[in-house]
1. Going by average Cβ neighbours within 10 Å, how do the peptides 131-138, 114-121 rank, with the highest at the top?
2. If R₀ is 45 angstrom, what is the calculated FRET efficiency for the pair residue 288 and residue 15, using the beta carbon separation as r and rounding to 0.05?
3. Between rounded, prolate and oblate, where does segment 108-224 land on the alpha carbon gyration tensor, with a ≥ b ≥ c its root eigenvalues, rounded for a/c under 1.5, else prolate if a/b exceeds b/c?
4. Whole-Hz Karplus ³J(HN,Hα) for segment 100-113, in order, using 6.51 cos²θ - 1.76 cosθ + 1.60 and θ = phi - 60°, x for Gly and Pro?
5. Would you mind checking 163/193; 162/270; 166/270 for any pair whose Cα atoms are more than 19 angstrom apart?
6. Among the lysines, which fall within straight-line cross-link reach of residue 14, defined as a Cα-Cα distance under 24 Å, with same-chain neighbours fewer than 8 residues apart omitted?
7. Quickly estimate the mean residue ellipticity at 222 nm for the chain, helices only: each DSSP H run with n ≥ 4 gives -39500 (n - 2.57), and the total goes over all residues, rounded to 500.
8. Percent of accessible area on the chain owned by carbon and sulfur, 1.4 Å probe?
Amino acid sequence: MAELLQIEQTMFPKAHKEAYRRLCEQRDDIPLFLQAWWLDAVTEPDNKQWQVLLSTNKKGEIEGALPFVFGKKFGMYFAVTPQLTQYTGIWQRKPDMNIQKDLIRQLEALHLSFFEVRFMPEYTNWLPFYWSGYKQQTRYTYRIEDTSDLQNVISGFDSAKKKHLKHIESNGLQADFTMSAEDFYELQCLQLKGRKDTNVLSNQLVTHLVQTARKRDSGEIICIKDREGNINAASFVVWDNRSAYNLITAIHPDFRSSGASTMMIMEALKICNIRHLAWDFEGSMIENVEHNNRQFGAVQQPYFEIFKYSPMIQFAQLFMKVK
C-alpha cells in the first residue's frame, strides 16, 4: 500500500486532482460519473483510489481529463472504471484529437499492465486510442431521450408493459421515497441470495453512495410497496443535469410478478419529466435484460469499452481459453 501511494504521488501530482475538483465545481457539463464527488463516493468506502490525467493549454486551463481507478494487483498496475459507474472515459472542453493524444501519451507513460475503461455514449471517435494500439468492444445501453410527455412515452411501451400498468392500481402498489440505504442494501442481498449470486457489493459502498447522492440531490431510492406494506421492489436512481440512470434495482424474490418493477420505471420517468432529463436504463448485454429495456420503448445506444493489456495479460487470457 505504501509503495502504491508513493507511485501515485510521483505519477499523479496532488495539484492535478485538486484542479480537477475545482473544474467539476465550476462547470455544469461534466457528467455525473466523471464528477470528483462521485469518484470519491464509489472508491473511498472500499479503500480504492481514483486518479486523473489532465490536458492543459498554454494558460494552464484544463482542456481535457481522463479519470479512472488506479491500483496494483499481482505486481501489475491497472486503470479501470469504478464500481457502480456506468461510464467514465475522457471529458473534453471541446472535441479535439490533440487533447486525446496528450492524455494517451500520459497514459502510456504509466506503463500499465491492464487498462479497461467504459466511455460515455457521446464519445464516438476513438481513433487516437486505436492508433496507440488500444482495442475496443462496442456495448449498448437503452435510453428514452424525451420524457417531456409521459403519455407519449407510455404509448411506446410494449403491450406487456402496458398491461402491467393496468395491474398496478388493482394490486394496490404505491411508491415510497423514505427507504433507508441500509434497508435497500438488505433487499439487494436478499435478491442476490435468491439467485444464488455471490457478487455482493459491500454494505459500506452502497450505503455511502446512496447517502452522498441524496445529500447532493443527485439520487433517490424508489421503493414500491403493496397495500399490506410489503416491500416488493426498490431502485436506486441517480442523475445529473442531462440524464437519470437506473443504477441498482432490487426485487423481492416473493414479488417478482407483482408489476413493481414496471412501476419503478414509471416513477423514475416522472422524476425525469419533472427535472427535464433523459432516462438511461444503464444498459446490459444480457439478453433478457436487453429485451426488458426495449419493451419500454427505449432506443439502443452504443458506447465503447476501450482496453489494452500487456503481453503477459494477453498470454494469461489465451492460456485460460486453451485450458
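1. On the way: 131-138: 12.8, 114-121: 20.0.
Answer by packing, highest mean first, reads 114-121, 131-138.
2. 0.40
3. Note, shape of segment 108-224 comes out oblate.
4. Each residue of segment 100-113 in turn: 4, 4, 5, 5, 5, 4, 5, 4, 5, 5, 7, 6, 6, 8 Hz.
5. In this structure, 163/193 exceed 19 Å between Cα atoms.
6. Residue 14 reaches 48, 58, 59, 72, 73, 101.
7. Rounded to the nearest 500, it is -12000 deg cm²/dmol.
8. 50
The values are calculated or read from the model by the stated rules, or taken from the named source; none is laboratory data. It should be emphasised that the depicted structure is a prediction, and the values quoted were computed from it without experimental measurement. Every residue, glycine among them, receives a Cβ derived from its backbone with ideal geometry; neighbour counts consider all protein chains shown. Side chains are part of the model used for accessible areas, which takes the heavy atoms of the whole protein and leaves out ligands, DNA and RNA. Shrake-Rupley method; radii C 1.70, N 1.55, O 1.52, S 1.80 Å.
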